[in-house]
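Just below is one structure, and these are the notes that go with it.
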């Protein structure tokens, strides 16, 4: 799924609600490196690894536009 988010074929909003996406984005900003483990530790049980990957793919796409 992350591949399709990164290409724009699937909109992130269809997969993750905006409040959760913003929470993950904030964790990405505060955690520094793009380590899934570090991000998961910051977010705890609030978010799954897959959701973090989707938001990273979304941000990667946004950065390329």
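Coordinate-derived values only; no laboratory data. The shown structure was predicted, so the numbers you read here are calculated from the model rather than taken from an experiment. Ideal geometry is used to build each Cβ from the backbone, glycine not excepted, and the neighbour counts take in all protein chains shown.
Couple of notes before you dig in:
- Selected residue [crowded, with 18+ Cβ neighbours inside 10 Å, touching a helix residue (DSSP H, G or I) at 6+ places or on another chain (Cβ under 6 Å), without any contact (Cβ under 8 Å) to a residue 40 or more places away in the chain and on the phi < 0 side of the Ramachandran plot] from 28, 24: 24
Listed here are the residues, each with its yes/no results for (1) more than 19 Å from residue 63 (Cβ to Cβ); (2) in a helix (DSSP H, G or I); (3) touching a strand residue (DSSP E or B) at 6+ places or on another chain (Cβ under 7 Å).
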{"position": "5", "(1), (2), (3)": "no, yes, no"}
{"position": "10", "(1), (2), (3)": "no, no, no"}
{"position": "24", "(1), (2), (3)": "no, yes, no"}
{"position": "28", "(1), (2), (3)": "no, yes, no"}
{"position": "38", "(1), (2), (3)": "yes, yes, no"}
{"position": "41", "(1), (2), (3)": "yes, yes, no"}
{"position": "50", "(1), (2), (3)": "yes, yes, no"}
